[in-house]
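First the structure, in the form of structure tokens, and then the observations on it.
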Amino acid sequence: DAGVIQSPRHEVTEMGQEVTLRCKPISGHNSLFWYRQTMMRGLELLIYFNNNVPIDDSGMPEDRFSAKMPNASFSTLKIQPSEPRDSAVYFCASSATGDANTEAFFGQGTRLTVV
Amino acid sequence: AQSVTQLGSHVSVSEGALVLLRCNYSSSVPPYLFWYVQYPNQGLQLLLKYTTGATLVKGINGFEAEFKKSETSFHLTKPSAHMSDAAEYFCAVLPGGSYIPTFGRGTSLIVHP
């Protein structure tokens, strides 16, 4: 398996623009996580999906952020409108819940810069 | 609610010296425990994990960690540091019955020649 695949790897956008980050989880995994990493706040969980259903979105900063998982092999995280404070590295991770092998597998991340 | 505390945001060692990265957790139920490593511009990779059974767990690259329930600790060690070990290390806890891991703030390991 190619692992968790995120695109793009880097994104530079202007303040006010819409940004869409994409994630393809590992085939067969039924849990998907979006994290944001910054120097100030470390690794923050934004949202958790189980079987394509959002279970915990308490970490989503505000209404400008939205996430979808239309099927088991694809998820998006959208920021509209983007602001400079959204600049961070965004990670997608997936795991196979229900057994002892419950570690999360991370993608390479998307480095977002909002200018 | 569970939490993870990693003592020391930065740890500096000389090449060949012992590496010790500390992790303490709180969890109301027996947890699964993980250590991840993050190299620059990369995602997090699993180093090792504890689920059940033997409390001393061996991982990749010569790292190991010991689960000590009485101390609620899961410290990461390596007998001899290598320059290639320089990275960010994250401890994570997954309480039994939960699907959402909680990560520590991370410890940056610096290895001097």
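The values are calculated or read from the model by the stated rules, or taken from the named source; none is laboratory data. Since the model is a prediction, treat every value here as computed from it, not as a measurement. Note that each Cβ is placed from the backbone with ideal geometry, even for glycine, and that neighbours are counted across all protein chains shown.
Overview of results
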read-out: Test: A:A93 is surrounded by 15 or more Cβ atoms within 10 Å (Cβ to Cβ), in a strand (DSSP E or B) and away from chain B (no Cβ under 11 Å); value: no
read-out: Within the range A:17-46, considering residues that are among the β-branched types (V, I, T) and within 18 Å of A:R111 (Cα to Cα), the one modelled with the lowest pLDDT; value: A:T38
read-out: Which listed residue is surrounded by fewer than 20 Cβ atoms within 10 Å (Cβ to Cβ), within 14 Å of another protein chain (Cβ to nearest Cβ) and among the aromatic types (F, W, Y), from B:Y39, B:Y32; value: B:Y39
read-out: Test: residue in the range A:30-47 that is within 13 Å of chain B (Cβ to nearest Cβ), in contact with a Lys or Arg (Cβ under 8 Å, 6 or more places away or on another chain) and on the phi > 0 side of the Ramachandran plot; value: yes
read-out: Selection count where residues are in contact (Cβ under 8 Å) with a residue 12 or more places away in the chain, away from chain A (no Cβ under 14 Å) and under 24 Å from B:E15 (Cα atoms), scope the range B:54-73; value: 4
read-out: Residue under evaluation A:N50, criteria (1) over 24 Å from B:S98 (Cβ atoms); (2) in contact with a strand residue (DSSP E or B) (Cβ under 6 Å, 6 or more places away or on another chain); (3) polar (S, T, N, Q), criterion not met; value: (1)
read-out: Residue count, the range B:74-89 (criterion: surrounded by 18 or more Cβ atoms within 10 Å (Cβ to Cβ), in a strand (DSSP E or B) and away from chain A (no Cβ under 11 Å)); value: 6
read-out: Residue among A:S82, A:S66 that alone is more than 30 Å from B:T51 (Cα to Cα), assigned to a loop (DSSP other than H, G, I, E, B) and at pLDDT 95 or above; value: A:S82
read-out: Selection from the range A:7-54 of residues that are assigned to a loop (DSSP other than H, G, I, E, B) and without any contact (Cβ under 8 Å) to a residue 12 or more places away in the chain; value: A:M39, A:M40, A:R41
read-out: Within the range B:90-112, considering residues that are under 16 Å from B:V13 (Cα atoms) and within 12 Å of another protein chain (Cβ to nearest Cβ), the one surrounded by the most Cβ atoms within 10 Å (Cβ to Cβ); value: B:T107
read-out: Extreme residue, nearest to the chain's Cα centre (by Cα), among residues of the range A:58-109 that are under 16 Å from B:Q45 (Cα atoms) and hydroxyl-bearing (S, T, Y); value: A:Y90
